[in-house]
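Right, one structure below, let's go through it.
The values are calculated or read from the model by the stated rules, or taken from the named source; none is laboratory data. Nothing here was measured: the structure is a model prediction, and the numbers come from that model. Methodologically, a virtual Cβ is constructed for each residue, glycine included, from the backbone with ideal geometry; neighbour enumeration extends over all protein chains shown.
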């Protein structure tokens with residue numbers, strides 16, 4: 001048998017790969033069984049290589065065997081899914097009323113910065129995105145309510161916040177409406193005025 005041309009060699013390789021045959025057992029030169037080197041020294045190309053016309057056939061064969069191909073990475077998640085939630089927004093134009101601003105989480109909120117708030121709640125809380133009376137003691141300017149407690153200006157949170165003339169902090173709800181008083185119980189009153197009533201000895 002004469003030497004086989006490279007084009008013919010490639011065609012045979014393509015056909016055998018597409019048909020599922022054992023290409024390694026083909027020896028057109030009559031050499032030993034299992035030889036895969038072409039007789040003219042050319043380098044063989046796989047049916048799945050650049051010139052192989054068996055790419056489609058190989059893919060079809062794989063599909064018939066139930067072999068899945070690569071995942072389709074072109075399918076992107078729905079970026080607008082969160083916008084279906086109640087109160088969701090894409091921009092502030094979709095918000096209104098008491099929640100007129102769209103935040104980074106695409107939710108309508110009362111404020112984003114302090115400039116969005118007005119008296120009597122002139123400060124924007126960064127944790128709740130709501131307008132509040134104060135964020136720190138420095139925001140409370142009235143001598144009667146110098147302490148910021150739970151974002152409200154109050155008279156005191158503890159006894160340490162009170163002056164000597166009213167040394168006790170009456171904060172029944174944990175400081176939210178704390179006020180400094182003369183007494184909290186009878187034992188804090190002098191003998192001549194032994195009864196504590198509404199923070200005053202009498």
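All of (1) touching a helix residue (DSSP H, G or I) at 6+ places or on another chain (Cβ under 9 Å); (2) in contact (Cβ under 8 Å) with a residue 12 or more places away in the chain hold for residue 195 with one exception: (2).
Total residues in the stretch 124-156 satisfying the condition of being out of contact with any strand residue (DSSP E or B) (no Cβ under 6 Å at 6 or more places or on another chain), part of a loop (DSSP other than H, G, I, E, B) and surrounded by fewer than 12 Cβ atoms within 10 Å (Cβ to Cβ): the figure is 6. Residue-level check: of (1) at pLDDT 95 or above; (2) outside any loop (DSSP other than H, G, I, E, B), residue 121 misses just (2).
Every residue, every condition in (1) more than 30 Å from residue 129 (Cβ to Cβ); (2) out of contact with any strand residue (DSSP E or B) (no Cβ under 8 Å at 6 or more places or on another chain); (3) free of Cβ contacts under 8 Å to residues at least 12 places away in the same chain; (4) surrounded by fewer than 19 Cβ atoms within 10 Å (Cβ to Cβ), yes or no:
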| residue | (1), (2), (3), (4) |
| --- | --- |
| 168 | yes, no, no, no |
| 178 | no, no, no, no |
| 184 | yes, no, no, yes |
| 201 | yes, yes, no, yes |
